[in-house]
Amino acid sequence: MKKIVILLSSSMLLLSVIATPTANINAKINRPLRANENDDYRGQTLTIYNCADYIDEDLEKEFEKRYNCKVNYQTYDTNETMYNQFTLQPQGTYDLICTSDYMVQRMVRENLVIPIDIEKDCPVYNQYAASTLRKKLKDMKTDSDGDGIKDVNLDQYSAGYMWGTLGIVYDPFCSDTIREDVKSWDIFWNKKYNNLISIKNSMRDTFVVGLMHAYSGSDYSDVEPLAKMAREKFLNEISTTTDKQKVRDEYNEVIQGLFDLVINQEDYNQTLKVVKDELISLKNNIFGFEVDSGKNDIITGKIKMNLAWSGDAVYSIDCALEEQGKVLEYYVPDDGSNVWYDSWSIPKGGNKELACKFIDFLSEPENAARNMNYIGYTSFIACDEIFDLVTSWHGASDYYNEQEYIDNDIVCYEGKFYQCIKNSKGNLPTNTEYFEELSEDDATFGEPYDLSYLFASNASEGKPLVIYPYEDCENRLFAQYPDEDTIARCGIMNDFEKANDDVVIMWGQVKAYTNITPYYVVLIVTVAGIIGLIIFRVISKKRSSRNKRKLENLK
């Protein structure tokens, strides 16, 4: 994962009504909880292993200063690289590792990491981490003692860091129907977009595409279209029921069941064959596989759509608009996709006490907001500071009299929008000394976007948790914070466990596969040409000999 710089949209700049992304980070919010600043770890070193550009380096320095210790920060490029390097090192080499959900499962199963008592060891994280997201970690079970029983969950072995979805970032002007086409993974097989698509050179992410396309009723498999059936049932019920969460849970259970097919099947080879056939057929329609270039290739126009993590999608959307005035959008196909979580774990032999201090340090609201502002991905922490930061990026919030509004903050009050012109706390937006009403020409906002499902458990009492996005920020806000219905159609990609080696082999076969039909055609044409040439020469030679004899007879 790469560092993301959140850029201001063109309309924001024209209106001059937006503060910088860090505008509200230092706002004074009640309930401050911080790690103990009196602890002294003189002479101790905390060795951290994380993705490159996946943290604000200034926070490392501040942590060193606060705890009088040293941070040894090392980086890797992929989870598999991390795992291979980590398992080759002596126990105690690393004190803290950040990796993806499925890799934590594997490390727990292999007894490589130790439990964390979140409430006791990481009280700051325990207070500010989104309860909705922590429940997702609790739903991810694994076997801790090798007896084949999944007896622990990831919330007992890790602390969430960032999260997001897997979807498609695309050029909405690529075709007249693309906004409709992108609702299904079928778009990657659609000949209309031949050679305009790049796919992640990632076994697990691309596996999702093949799996969900197959079980949505593709032409390349004869399996039952369970995802499509579940989607239709969901749409029929969600608009009429009063218990929307129950409907979402039932829908998600079907999607998660598909994600876990390989794990739960005794003979998973048929599923692997289905996915392999899907992906081999997909190769005929794409521009190619990419590791990290896709997010820039779609900005330059080299491609028109890219299989992307939501954080990279935000990067592409921002950079395209800022650098070229170009609009890009992001969507999670209705067929079903992946919701992923990166988290911190402590290896056996690691400095647990100092590692937990670091987790709590990053979880302090002001630090979590700074860190999210730096890397651009979506934080596991859900508190007032994070909500205010997201609002400053994407739009306006409902007025809250406990909030300290500063220059250029925009709020909605009694259906009208106001811009703060003087630092204010407790003054109503109608007070012209502190606020200025905006006309419709000054700012256009989309429908209110409710984020209470994530922030309600940690926000200050009475704080409105709705964002009114600027007209060109609605899709970017969706990319960073998907709504509940979108999350309902996203499954968690558990570790493949016993099938890991076979999935690797399958992926190798997909990558190595070449459609040899064109080569056969060329070969046949070439052979036919050679045979034709030989026949022509034989006939020519015989004709020449015959003509020669005729000439001699005439003499």
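Observations on the structure shown:
- Extension gain for Asn284 to Thr45 (0.36 nm times residue separation, less C-alpha to C-alpha distance): 81.0 nm.
- Once the Cα-Cα distance is subtracted from the 0.36 nm per residue extended length, the Val291 to Thr75 segment shows a gain of 76.1 nm.
- Residues of the stretch 121-157 with amide N under 19 Å of the 7 Å Cα→Cβ point at Gln91: 144-147, 157
- Cβ crowding within 10 Å ranks Val291, Val390 as Val291, Val390, fewest other Cβ atoms first.
- The charge dipole of the chain, taken about the Cα centre with unit charges on the Cβ atoms of Lys, Arg (+1) and Asp, Glu (-1), comes to about 4380 debye, rounded to the nearest 20.
- Sequentially through the stretch 218-224, phi angles give Karplus couplings (6.51, -1.76, 1.60; θ = phi - 60°) of 7, 7, 9, 8, 10, 6, 5 Hz, Gly and Pro residues having no value and appearing as x.
- The 3J(HN,Hα) values that the Karplus relation (6.51, -1.76, 1.60; θ = phi - 60°) gives for the stretch 354-371 are, in residue order, 6, 4, 5, 4, 5, 4, 5, 4, 5, 8, 4, x, 5, 6, 4, 5, 4, 5 Hz. Gly and Pro appear as x.
- Difference of contour (0.36 nm per residue) and Cα-Cα distance, Asp58 to Asp139: 25.8 nm
- Using the Stokes-Einstein relation with a Kirkwood hydrodynamic radius computed over Cα pairs, the translational diffusion coefficient of the chain at 25 °C and a viscosity of 0.890 mPa s comes to 94 µm²/s.
- Pairwise Cα distances in the stretch 165-312 exceed 17 Å for 64 percent of all pairs.
- Which of Ser460, Tyr220, Cys490, positive extreme of dipole for the chain (C-beta unit charges): Tyr220
- The string of couplings for the stretch 266-278 from the Karplus curve (6.51, -1.76, 1.60, θ = phi - 60°) is 5, 10, 9, 4, 5, 5, 4, 5, 4, 5, 4, 4, 4 Hz, one whole number per residue in order, with x for Gly and Pro.
- Percentage, to the nearest whole number, of Cα pairs in the stretch 321-365 over 18 Å apart: 63
- Sparse packing (at most 16 other Cβ atoms within 10 Å of the Cβ) combined with a DSSP loop state is found for the following trypsin sites (Lys or Arg not before Pro) in the stretch 284-327: Lys302.
- Per-residue Cβ neighbour rank within 10 angstrom, fewest leading, Thr142, Thr240: Thr240, Thr142
- When only Cα pairs below 8 angstrom with a gap of at least 6 residues are kept, the chain shows a relative contact order of 24 percent.
- Computed FRET value (nearest 0.05) for Thr242 with Asp176, which takes r as the C-beta separation and R₀ as 41 Å: 0.60
- Packing, as the average of other Cβ atoms within 10 Å across residues, places the peptides 334-342, 187-195 in the order 334-342, 187-195, highest first.
- Summed side-chain charge close to Lys192 - residues other than Lys192 whose Cβ falls under 11 Å, Lys, Arg +1, Asp, Glu -1: -1
- The calculated Kirkwood hydrodynamic radius for the stretch 275-416 is 18.9 Å, given to one decimal from all distinct C-alpha pairs.
- Amide proton proximity set for Tyr468, modelled H, under 5 Å, gap of 5+: Ala396, Ser397, Tyr449
Coordinate-derived values only; no laboratory data. Predicted model only: the values in this text are computed from it and were never measured. Backbone-built Cβ (ideal geometry, glycine too); neighbour counts: all protein chains shown.
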